[in-house]
Amino acid sequence: MLERFKNIFSGLETSYGQTQMTGEIRDDGKNEAECTVLHKPVTNILWQKHLNGEFPALGIVPIKQDSRCKWGCLDVDVYDLDHKELITKIKNKNLPLIVFKSKSGGAHIFLFVKEFVPASLVREKLKTMAAMLGHAGKELFPKQDYILADKNQVGSWLNVPYHGGDKSVRRALGDDAELLTLEEFFKLYDKKVLSEKDLIQWKEPITTENEDLFE
């Protein structure tokens, strides 16, 4: 289970992020946190501690030093979000995306690829999908198309889900917005993950102007 989880959410292996919650809540409903980057290897021990629920949670930089990644994420910071409505919209539009509940009640919408591909490709496709969902302009990970490894640049990191395994509130959601166990997520991942060829060939479907009226 550890190796599968690590493989799905793998990214930069030379640095990682950590978040310490302050216990305070902002006016917009988001939990206040102190975020740091540690320039140390991402070890199996860190991954296991994350799944065990030990603090702090593990933050992974999706973009590697060769400017490639195997996942992207759309961060929707809407704390009264109707998750089931979002999932239904994704299903109706046949998008290869998985919705995760964020720690503040919003959503992290993931696009997964089987192998590492250019980060620019993931960002391009995810931007189109975000616009199709009405969330154009929302924060995307990876935030960069490329990083300059020779200048020791590190991309932006994101806390990966399942901090605490099946006891976590930050889990993937099923069709009825129910929280999925890690094993259930793996099965959903197998249905949604794309190959590099699939991702390259994916295009926004041509729709009629009033299609949304019939959803």
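The values are calculated or read from the model by the stated rules, or taken from the named source; none is laboratory data. Owing to the predicted nature of the structure, the values given are computational and were not obtained by experimental measurement. All Cβ positions, glycine included, derive from the backbone under ideal geometry; neighbour counts span all protein chains shown. Surface areas here come from the heavy atoms of the whole protein model, side chains and all, with no ligands, DNA or RNA. Shrake-Rupley method; radii C 1.70, N 1.55, O 1.52, S 1.80 Å.
Residues are listed down the side, and each one gets a yes or a no for (1) more than 22 Å from Gly11 (Cβ to Cβ); (2) among the basic types (Lys, Arg):
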| position | (1), (2) |
| --- | --- |
| Glu139 | no, no |
| Tyr146 | no, no |
| Gln153 | no, no |
| Gly164 | no, no |
| Asp176 | yes, no |
| Leu182 | no, no |
| Leu188 | no, no |
| Glu196 | no, no |
| Lys203 | yes, yes |
Residue that is modelled with the lowest pLDDT [pool: residues in the stretch 8-21 that are open to solvent by less than 60 Å² (accessible area, probe 1.4 Å) and closer than 18 Å to Gly53 by Cβ]: Thr19
Output for the stretch 100-122, where each listed residue is crowded, with 22+ Cβ neighbours inside 10 Å and closer than 19 Å to Glu204 by Cβ: Ile109, Phe110, Leu111, Val122
Residue satisfying condition, being open to solvent by less than 30 Å² (accessible area, probe 1.4 Å) and touching a residue at least 24 places away in the same chain (Cβ under 8 Å), within set Lys125, Lys167: Lys125
Leading residue by the ranking (least open to solvent (accessible area, probe 1.4 Å)) among those in the stretch 81-99 that are among the charged types (D, E, K, R) and more than 13 Å from Glu178 (Cα to Cα): Lys93
Set Lys70, Lys93, Lys64: member being in contact with a Gly (Cβ under 9 Å, 6 or more places away or on another chain) and closer than 20 Å to Trp202 by Cβ: Lys70
Total residues in the stretch 162-187, condition more than 14 Å from the chain's Cα centre (by Cα) and in a helix (DSSP H, G or I): 8
Selection count, the stretch 146-164, where residues are without any contact (Cβ under 8 Å) to a residue 60 or more places away in the chain and surrounded by 14 or more Cβ atoms within 10 Å (Cβ to Cβ): 0
Selected residue (only one of Glu3, Glu24 is open to solvent by 80 Å² or more (accessible area, probe 1.4 Å), acidic (Asp, Glu), modelled with pLDDT of 95 or more and over 30 Å from Glu204 (Cα atoms)): Glu3
Unmet criterion (only one of (1) free of Cβ contacts under 8 Å to residues at least 60 places away in the same chain; (2) touching a Pro at 6+ places or on another chain (Cβ under 8 Å)) for Ile109: (2)
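Does Lys64 satisfy the condition of being surrounded by fewer than 20 Cβ atoms within 10 Å (Cβ to Cβ), in contact with a Ser or Thr (Cβ under 9 Å, 6 or more places away or on another chain) and not polar (S, T, N, Q)?
Here the answer is no, as Lys64 does not meet what is asked.
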